[in-house]
Amino acid sequence: MVKSKKSHVGDFVIAFLCFLLILICLLPMLNVLARSLSSSEALIKNRVWLWPVGFNFNAYKVVFGDSKYTWSLIWTAFLTVVGTFLSLFMTTICAYPLTYEKLKGRRFFNTVILFTMYFNAGTIPMYLLLKDLKMLDTPYVLIVPYCLSVFNMIIMRSFFYGIPESLRESAELDGAGPVTILVHIYLPMSTPVIATLALFYAVGRWNGYSDALMFVKTRKYYPIQLLLYNIINSMMSIDTTTVEGFTTPGVSESIKAATIMFATIPILLVYPWLQKYFITGATLGAIKE
Amino acid sequence: MQKSQGKRQRAINYIKRYWTLYLLLLLPMAYFIIFKYIPMHYILIAFKKYSIVKSVWEMPWAGNHGFEYFIKAFQNKDFINAVRNTLMLNALDLIFGFPAPIILALLLNELPFPRYKKFTQTVAYMPHFLSWVIIAGMAKQLFAPTSGLVNNLLNRLGFESIPFMNDPTWWVVTYIFIGIWQSVGWNTIIYLAAITGINPELYEAAEMDGAGRFRKMWHITLPGIRPTIITLLILSLGRILGSDFDRPFALSNHMVENVSDVISIFVYRNGIQGLQFSLSTAVGLFQSVVCVIFLFAANALAKKFGERGVW
């Protein structure tokens, strides 16, 4: 079909609008990146836009030379890896049995689980529970209490529903039990959903700070985002800084920018590769009961 | 007799075959009971005088038939303020933030260059993967009154600097804008998926009839994704008094607390920092109950208008 001239113009208007969107998404990142690589002098004089002025790596040297940052990077990476594995394990063993239509009590289990999506006890009851469990201010509090997300469990369950039942039935005829079927048939076919949920859980842990803010006091257990929160907010208002060693405002500005990049780059390196998976996953989440 | 034996045999076979499924469910169910249901009994604290040495059951009931702390909350200016802010920010999010991904999905759907489309999507998803701490950090640098990129640009164009993050009114504008920035790309995923489900023959038939781009959008695409829109609208309405913590807390600063303090921040300040457990549990319970009521109401309303509800 030959397109009219008018609709060609329309195509380019739309392409241009999308270009604006790209700019709005990328420019803030570029500005912060440029700041992190600029000299303090250029920053004070407001000369940094989207390209570094007085290019140097000093801010990154300070950040990577400071054990506070490197420790929290390693610690958060550790929490993220352990947390993601635990979450994937819990999500799988929760979603898989619920796909058996013959399972007695399936409705009951579903109701018990889904109810928690609509009504939750709230922050303070959670705090008191963790206090009674003696989990406050321990590393466990950053992994266990939110390790299973109902939303993610539904995504996995929807994906499992998409696996043909005939596969399971023929394996059952060969005498395979549910666990064997899960390990040898379902999991190998579930790479897309596992990759998606791994991304969701990992990003959640990497980016989370409020649980640590509420439940953790010991500094060495702080995940990177809480450390960042404290740094950004303590260095914000007054430019003569409280962090040891940096006295000029420009330096603290570039260090702030460098810490932001430092905590962002790991995610930016990962998510584009998983795009085709997480689009499927995010769509599955919309499928209802 | 024989019948019941057959039944028992079937039950034994069933258990033999499927007991491992229950074993698998053991851990997840324990998780839900411990971390979702047991906390619910602490809700009683909202109706009791909290005491650190007593168990929940032993604490004495609060005054006014147990509703002392609810009354106190509604007499508390900060709480009224938090409710107002929560409603205001959520309503603005709904008005401006809800249509944004629908519009973007329509645009992306019309974009004829597949590789460019994919690139746009990849970039637009990016903000969703940034933490609110990082977004707030970037915003504070970009919108800083004297050194920020945005105000520098405004100054060059001959405008005065705008206190985006430090003036209460401007802060609300910035908060809503950043919210859209963070979520618009990600939220298109679900609409784009719904659009792919629309029968292409409808478009072909409309083209035969000479329908242009906008008429096809209006008469085919939008009605095609209507169930998705309604479902998401119900869920958003259900959250109208719900409050996220990470976003307002990260973006807030002491100059704008008057508009940025939402219920979740009130609970954090008074409960975890202020140790007023009864008061803040009462506030949390009030919020949860209102959320459930709103969700049911929105769902019932949608059904009344002949739409498919959430359940």
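Observations, loosely collected:
- Filter result (facing chain A (nearest Cβ under 7 Å), without any contact (Cβ under 8 Å) to a residue 24 or more places away in the chain and closer than 17 Å to A:Lys256 by Cα) within segment B:120-145: B:Ile134, B:Gly137, B:Met138, B:Gln141, B:Leu142
- Exactly one residue out of B:Tyr37, B:Tyr22, B:Tyr18 is part of a helix (DSSP H, G or I) and either in contact with a Lys or Arg (Cβ under 6 Å, 6 or more places away or on another chain) or closer than 30 Å to B:Asp261 by Cα (or both): that is B:Tyr37.
- The residue that is nearest to the other protein chains (Cβ to nearest Cβ), among those in segment A:147-166 that are in a loop (DSSP other than H, G, I, E, B) and small (Gly, Ala, Ser), is A:Ser149.
- Checking each residue in segment B:42-77 for being surrounded by 13 or more Cβ atoms within 10 Å (Cβ to Cβ) and of a type in the set (Asp, Glu) picks out only B:Glu68.
- In segment B:155-199, the residues that are surrounded by fewer than 15 Cβ atoms within 10 Å (Cβ to Cβ) and within 13 Å of chain A (Cβ to nearest Cβ): B:Asn155, B:Arg156, B:Thr196, B:Gly197
- Looking only at segment B:152-168, and only at residues there that are free of Cβ contacts under 8 Å to residues at least 24 places away in the same chain and either outside any loop (DSSP other than H, G, I, E, B) or not assigned by TED's automatic domain parsing to the domain that holds B:His254 (or both), the one that is farthest from B:Gln141 (Cα to Cα): B:Arg156
- Which numbered condition B:Thr86 misses (of (1) among the β-branched types (Val, Ile, Thr); (2) farther than 28 Å from A:Ile113 by Cβ; (3) away from chain A (no Cβ under 14 Å)): (2)
- Among the conditions (1) within 30 Å of B:Gly284 (Cβ to Cβ); (2) away from chain A (no Cβ under 11 Å); (3) of a type outside the set (S, T, N, Q), the only one that B:Ile33 does not satisfy is (2).
- Taking segment B:213-259 as the region of interest, the helices (runs of 4 or more DSSP H) fully inside it that hold 2 or more residues being of a type in the set (Ser, Thr, Tyr) and surrounded by fewer than 19 Cβ atoms within 10 Å (Cβ to Cβ) are B:222-238.
- Considering residues of segment B:16-28 that are modelled with pLDDT of 85 or more and loosely packed, with under 13 Cβ neighbours inside 10 Å only, the residue nearest to A:Phe89 (Cα to Cα): B:Leu26
For every residue, the table says whether it meets (1) surrounded by fewer than 16 Cβ atoms within 10 Å (Cβ to Cβ); (2) assigned to a helix (DSSP H, G or I).
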site	(1), (2)
A:Met117	yes, yes
A:Leu129	no, yes
A:Met135	no, no
A:Pro145	no, no
A:Arg168	no, yes
A:Val179	yes, yes
A:Tyr186	no, yes
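- Among residues of segment B:210-224 that are closer than 18 Å to B:Ala194 by Cα, those with a Cβ under 8 angstrom from a residue that is among the hydroxyl-bearing types (Ser, Thr, Tyr), sequence gap 6+ or separate chain, pair up as B:Lys216/B:Tyr203; B:Ile220/B:Tyr203.
- In segment B:128-140, the qualifying residues are those that are in a helix (DSSP H, G or I) and under 18 Å from the mean Cα position of the chain (by Cα), and the one that is farthest from A:Lys276 (Cα to Cα) is B:Val133.
- Condition met for A:Asn31 (on the phi > 0 side of the Ramachandran plot and within 14 Å of chain B (Cβ to nearest Cβ)): no
- Residues of segment A:209-224 classified as touching a residue at least 60 places away in the same chain (Cβ under 8 Å) and either more than 10 Å from every other protein chain (Cβ to nearest Cβ) or not hydrophobic (A, V, I, L, M, F, W, C) (or both), total: 9
- Taken over segment B:69-111, the residue count meeting the criterion of being touching a residue at least 12 places away in the same chain (Cβ under 8 Å) and in a helix (DSSP H, G or I) is 30.
- Residue identified as buried (at least 18 other Cβ atoms within 10 Å of the Cβ), modelled with pLDDT of 85 or more and either assigned to a helix (DSSP H, G or I) or in contact with a Cys (Cβ under 6 Å, 6 or more places away or on another chain) (or both) among A:Val270, A:Val193: A:Val193
- On inspection, B:Ala144 does not qualify as assigned by TED's automatic domain parsing to the domain that holds B:Trp186 and under 19 Å from the mean Cα position of the chain (by Cα).
Listed here are the residues, each with its yes/no results for (1) surrounded by 18 or more Cβ atoms within 10 Å (Cβ to Cβ); (2) in contact with a Lys or Arg (Cβ under 8 Å, 6 or more places away or on another chain); (3) away from every other protein chain (no Cβ under 11 Å); (4) not in a helix (DSSP H, G or I).
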| residue | (1), (2), (3), (4) |
| --- | --- |
| B:Asn270 | yes, no, no, no |
| B:Leu275 | no, no, no, yes |
| B:Phe286 | yes, no, no, no |
| B:Ala302 | yes, yes, yes, no |
| B:Gly309 | no, yes, no, yes |
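- Qualifying residue in segment B:111-127 (condition: within 27 Å of the chain's Cα centre (by Cα) and within 25 Å of A:Asn46 (Cβ to Cβ)): no
The values are calculated or read from the model by the stated rules, or taken from the named source; none is laboratory data. Computed from a prediction, not measured in an experiment: that's the story for all the values here. A quick note on method: Cβ atoms are made from the backbone with ideal geometry, for glycine too, and the neighbour counts reach across all protein chains shown.
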